[in-house]
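What follows is one structure encoded as structure tokens, with my remarks underneath.
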Amino acid sequence: MKKSLAAVVGAVLLAVLAACGGGEDAGAKTLRVGTLSDSKPNAYQENGVFTGFDNELLKAIAAHQNLKLEFVSTEFSALLGQVATGKFDIGSSGISQTDERRKTVDFSAPYNYQSLGIETREGVAITDENSLAGKRIGVVQGTVSDSWLTANAPTAQAVKFPQDAAALAALKSGAIDGAIFDQATAEDYAAKNPDAKLKVVKAITTTIPHGFAVKKGNTELAGKINAGLKAVIADGTWERVHQRFEPNAPVPAEFKAGQK
Amino acid sequence: MDDFLNTFLNWEYIWEVFPDLLGTGLLNTLILSVFSALIGTVLGMLLATMGLSSKAWLRWPARVYTDIFRGLPAILTILVIGQGGGILIPSLSRNPYPLGILALSLIAAAYIGEIFRAGIQSVEKGQMEASRALGMSYTKAMTLVVIPQGVRRVLPALVNQFIALVKDSSLVYFLGFLAEQRDLFRIGQDLAANTGNLSPLVAAGAVYLVITVPLTHLVNYIDKKLRTGRKVRVDDEGGETELLNAGKVPMS
């Protein structure tokens, strides 16, 4: 009796596994894109649709190259590993192309630079990166803000949060003195929280470029993305998408329409 | 297979993350979980005895508390107490530890209270009746006779809860940590985010096992001891030399 029950359970499990495996084969032609659902303005979800600067740019590139995309949300710390193992074909979430990450994945050509904003509350003596020393400054773990703060204000007390919302709440409640967000996000927060009297005191353009991540050695896909990227920069699509998500951030010369 | 090993067991990254895990993360995880376990156990016992009381004004608050704190996602409770507590008491908002420990304790208390209640209720009615018949008050009978037996029976379930607490302690991170305040999981995640490799998290997992596995075996050992008592030896003449100090009577 016990044995037959085990056999039935085993058979059901096998059937379920087989069914799951079958599903992946059928969708092999659609590229799976790993992205984030909460990282404005680069990658986020709105009304059930994955959007943001990076994802809209990628959609434009895909349209140009006749690629079909399917977006899946994940955790940033897991994203590159999932690209490396082939769970996702492309990683898209404002990923800085650091040497450390190049050991794990390959990157497309640069498609953007992060603009950061130093945000604080009225009455706090923070005006620029030089006045961060000794202050409690919130950053989201593993982001450009995090590495920028470590490199440019090593004497600040970096308070690490898992995502923007937690850091914003801490800034509003006074648990931290300031925070480094993406510039467009920081301005959005200041506008939407008039009671908290938040202000962006300084905008900073960083120098490490963003790239779409692909599996190491997948030069075919990287080549297609790069060709599409060239085309959407040349025809002005890049600037249009940029205007939509980061209207106040400067447009680097290399991304202006007409660039080859 | 190589991909798999490289993603989860890349020794270079594991080697890199280990000093931080042992030097910073282990201590922080232990601080968070040990303090919450202690406070949670005390509050849990309070909730259990309140829940078993014959007085409705004691029973109902315990019931409502348990339903709420057991029913909400832990992360929400931590955010509400951690961030909200900081707004109400600004002096606490600069350090996530006190409020984080409070939130974890309050959540743990709800679960531990139910574990204690189940244990106490499993003690045969006769125990209470006999104690009362001997002239003990209700309180005395509970504290000296019923509760000790009940707690003993649920020790394994209690340790289950402690293990869950050790793992849940990583959620306090939502309140914001300085580099030296990070717990095991966050240290692993930091390096994982910077490298795109998951091996640092696997290394953190190994340290969690170093805490949780001995805990399980310790409770099994204690549990067995309490169930069987010390061995009784009988000497050659048939006299029971050690019977008088033979320890606990075997339990059902």
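Values in this text are rule-based calculations from the coordinates and carry no lab data. What you see is a predicted model; the values in this text were computed from it and never measured. Positions of Cβ are generated from backbone atoms using ideal geometry, with glycine treated the same way; all protein chains shown enter the neighbour counts.
In terms of the Cα gyration tensor, with a ≥ b ≥ c the square roots of its eigenvalues, is chain B rounded because a/c is under 1.5, prolate because a/b exceeds b/c, or oblate? It comes out oblate by the Cα gyration axes.
Counting beta carbons within 10 Å around each of B:Val154, A:Val139 and listing the fewest first gives the order B:Val154, A:Val139. The alpha-carbon atoms of the protein assembly as shown define a convex hull whose volume equals 228 cubic angstrom per residue. Excluding B:Thr66 itself, calculate the net charge of residues whose Cβ lies under 15 Å from the Cβ of B:Thr66, where each Lys or Arg counts +1 and each Asp or Glu counts -1. Charge balance near B:Thr66 sits at +2. Peptide A:163-175 shows a mean partner chain C-beta count of 5 within 10 Å per residue C-beta.
Neighbours of A:Arg32 by Cβ distance under 9 Å: Lys/Arg scored +1, Asp/Glu scored -1, total -1. Annotation: aspartates and glutamates with alpha-carbon distance below 20 angstrom to A:Lys192 (same-chain offsets under eight excluded): A:Asp38, A:Glu46, A:Glu119, A:Glu122, A:Asp164, A:Asp177, A:Asp182, A:Glu246. Got a sec? Which residues in region A:173-206 would a label at A:Glu122 touch, if it sits 7 Å along Cα→Cβ and we count backbone N under 15 Å? Answer for this model: A:190-201. The simple Förster model, with R0 at 41 Å and r as the Cβ-Cβ distance, assigns A:Thr207 and B:Ala157 a FRET efficiency of 0.15. Tell me whether region A:48-191 comes out rounded, prolate or oblate; compute the Cα gyration tensor, take square roots of the eigenvalues as a ≥ b ≥ c, and use a/c under 1.5 as the rounded threshold. Prolate, because a/c is 1.5 or more and a/b exceeds b/c. In terms of surrounding Cβ atoms within a 10 Å radius of their Cβ, A:Asp195, A:Asp188, B:Asp168, A:Asp54 rank from fewest to most as A:Asp195, A:Asp188, B:Asp168, A:Asp54. Spacing of the modelled spin labels on B:Leu134 and B:Val64, each 7 Å from Cα toward Cβ, amounts to 3.9 nm. Inter-chain neighbour count for A:81-93: the average number of beta-carbon atoms from partner chains within 10 Å of each residue's beta-carbon is 2. Quick one: grab the alpha carbon gyration tensor of region A:115-207, order the square roots of its eigenvalues as a ≥ b ≥ c, and give me rounded if a/c is under 1.5, else prolate or oblate depending on whether a/b is larger than b/c. Verdict is rounded for region A:115-207. Look at the stretch B:82-89: the mean tally of other chain Cβ atoms within 10 Å of its residues' Cβ atoms is 3.
Annotation: the residues A:Val251, A:Val33, B:Val151, A:Val8, sorted from fewest to most other C-beta atoms within 10 Å of their own C-beta, follow the order A:Val8, A:Val251, B:Val151, A:Val33. For the protein assembly as shown, the 222 nm mean residue ellipticity estimated from helices alone, with every DSSP H stretch of n ≥ 4 adding -39500 (n - 2.57) and the total spread over all residues, rounds to -17500 deg cm²/dmol. Note on chain A: with a GNM built from Cα contacts shorter than 10 Å, the maximum mean-square fluctuation among A:Ala78, A:Ala151, A:Ala11 falls on A:Ala11. Over chain B, Cα pairs under 8 Å with separation of 6+ residues give a relative contact order of 27 percent. Membrane-span-like helices in chain A, defined here as complete DSSP H runs extending at least 20 Å along the helix axis by their C-alpha atoms with mean Kyte-Doolittle hydropathy no lower than -1.0, are A:2-26, A:219-234; this is a sequence and geometry rule, not a statement about a membrane. For the listed residue pairs A:Lys135/A:Lys160; A:Lys172/A:Lys199; A:Lys29/A:Lys215; A:Lys202/A:Lys230; A:Lys199/A:Lys256, the alpha carbons are over 21 angstrom apart in A:Lys202/A:Lys230; A:Lys199/A:Lys256. Relative to one another, the C-alpha centroids of region B:73-144 and region B:1-31 are positioned 34 Å apart. In this simple spin-label approximation, B:Val34 and B:Leu5 carry label points 7 Å from Cα along the Cα→Cβ vector, and these lie 3.8 nm apart. Modelled spin-label separation between B:Leu46 and B:Lys225, with each label point placed 7 Å from Cα along the Cα-to-Cβ direction: 3.0 nm. For chymotrypsin sites (Phe, Trp or Tyr not before Pro), no site in region A:70-99 is both called loop by DSSP and has at most 16 other Cβ atoms within 10 Å. Angle of helix B:74-88 to the longest C-alpha principal axis of chain B, folded into 0 to 90 degrees and rounded to 10: 80°. Loop-located trypsin sites (Lys or Arg not before Pro) in region A:180-247 (DSSP state other than H, G, I, E, B) with a sparse environment of at most 16 neighbouring Cβ atoms within 10 Å: A:Lys197, A:Lys216. Taking the DSSP beta bridges with both ends in the protein assembly as shown, the antiparallel portion is around 65 percent. Restriction of the trypsin sites (Lys or Arg not before Pro) in region A:26-100 to DSSP coil positions whose beta-carbon has at most 14 other beta-carbons within 10 angstrom yields A:Lys29, A:Lys68.
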